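After the structure tokens below, expect a handful of questions from me.
The values are calculated or read from the model by the stated rules, or taken from the named source; none is laboratory data. It should be emphasised that the depicted structure is a prediction, and the values quoted were computed from it without experimental measurement. No Cβ is skipped: glycine too gets one built from the backbone with ideal geometry, and neighbour counts run over all protein chains shown.
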Amino acid sequence: MVDYPLVFRLRQQPPAPPIANVPDEVENQLSQLALENKIQPGQSVAIGVGSRGIANLKFIVKAIVAHLKRLEAQPFIVPAMGSHGGGTAAGQQEILESYGVTESFCGCPIRAGMKTVIVCQVSEGFPVHFAAEAYAADHVVVCNRIKTHTQFVGDVESGLMKMMLIGLGKQEGAKVYHRAIKDYSFGQIVRRVTAEVLKKCSIVAGVGIVENGACQTALIEAVSPEQLVEREQALLTQAKQWMARLPFNLADILLIDEIGKNISGTGFDSSLVGRKYLVHQAADQEYPKIKMIALRDLTEQSHGNAEGAGLAEFCRTRLLEKKDVQVTRVNAVTSGHLSGAMVPLDYPTDQEMVEVMLGQIGLRAPADAKLMWIRNTRELSEVECSAAYLPEARERDDLTILSDLRPLHFDASGNLSDQHMNATT
């Protein structure tokens, strides 16, 4: 009989407050750009919107549409998500609609084609692709959250510039750029393509979003094309300061309730769990250091894309049953992140999975295991932690202990509750 560790729940204090009125802030930011001096009545404006789960995304997009309509422009939405959605127009529109970004809610059409225009050929030896619908528009607005990238490191990672090359490059562009990144640095490729897109693709504005550690909208900034590179660098610095983190840097076991493309490009944020540089372990100077990761489920919003599951050691069998092999392979091959599409050891129940993991932690007794349990890598306000962390938690001012120690509760089927991490104790 396995002696499971006792657990308690704690809350982390987010480092920045949320914006009180998101639509008003979008309007305030866009008004500062004086777009009426660039956008004429009747002109078309494509709004690039990606596949990530972003807090208040539908309200932000709707507010952008409303601002453009006040200028008497004709806005429409273009999915800017590379190969996601199975690399199909219908799949990409379905992703947007799953976030509430619909034609009826936002008040404008969605044009979800997959065709691209080759804008130019760069000296590194590859073509620059840009979504045909966006290229045909009089102007383009890009909207995205700015954050750390799950694989690449630099003063620009994931945000507006990445959307302009990989997102609006559609599947053809994404394939080219991910191949180019095998020969050149991500920073070189993103800057080269951004420079060409800014010159040739009628970018009129960017709307950058930064979230706090509780996945709340903490900052929105509208930027002109002339300031886009400089401001994205500054906003990435801010995003890194505010990003969600696990409360402790060492763990034997991390349980993650759900992964999916709506949460992160790799299903779960690899930088947050110490898997950004190497597969199945943290690099020497990388934290946190987690021995084993177990994935309990795949989100419905991921539409079968289980990219990233291969970075974990264990999963529930139901995750593999929900996996769309073809969709996952398309994403993995397009991105060149092949290990992410591989298959962890799977078990039908949480109890079987956790028992196996507790037997792999080393000389420490199972009851003393360092275990953390989270819903996903975007929602880290509350974390379930094993008793081994309690002494440190009591000493930290940034952590609030919400419960007494209690057993991990497995139901009659041998599973943990799927709702446990959704509710405050």
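Quick check on segment 347-368. Is at least one of its residues surrounded by fewer than 19 Cβ atoms within 10 Å (Cβ to Cβ), modelled with pLDDT of 95 or more and within 30 Å of residue 95 (Cα to Cα)?
Looking for residues that are surrounded by fewer than 19 Cβ atoms within 10 Å (Cβ to Cβ), modelled with pLDDT of 95 or more and within 30 Å of residue 95 (Cα to Cα), one finds at least one in segment 347-368, hence yes.
May I pose another question? Of the residues that make up segment 255-266, is at least one of a type outside the set (Val, Ile, Thr) and over 14 Å from the mean Cα position of the chain (by Cα)?
Start the filter on segment 255-266 by keeping residues that are of a type outside the set (Val, Ile, Thr), which leaves 255, 257-258, 260-262, 264-265.
Of the ones still in play, those that are also over 14 Å from the mean Cα position of the chain (by Cα) are 255, 257.
Yes - at least one qualifying residue is present in segment 255-266.
Could I ask something else about it? From the residues in segment 270-292 that are outside any loop (DSSP other than H, G, I, E, B) and touching a Leu at 6+ places or on another chain (Cβ under 7 Å), which one is surrounded by the most Cβ atoms within 10 Å (Cβ to Cβ)? Steps first, answer last, please.
If we filter segment 270-292 for residues that are outside any loop (DSSP other than H, G, I, E, B), which is where we start, we get 289-292.
From what is left, the residues that are touching a Leu at 6+ places or on another chain (Cβ under 7 Å) are 289-290.
Details: 289: 14, 290: 24.
Top of the filtered list is 290.
Tell me which residues, restricted to segment 126-150, are touching a helix residue (DSSP H, G or I) at 6+ places or on another chain (Cβ under 8 Å) and under 20 Å from residue 172 (Cα atoms).
126, 127, 128, 129, 130, 131, 140, 142
Restricting to segment 123-133, name every residue that is part of a loop (DSSP other than H, G, I, E, B) and within 17 Å of residue 162 (Cα to Cα).
Across segment 123-133, the qualifying residue is only 126.
While we're here: Search segment 128-140 for residues that are surrounded by fewer than 22 Cβ atoms within 10 Å (Cβ to Cβ) and pair each with any residue that is of a type in the set (Lys, Arg) when their beta-carbon atoms are under 9 Å apart and the residues are at least 6 apart or on different chains.
132/115; 132/170; 135/200
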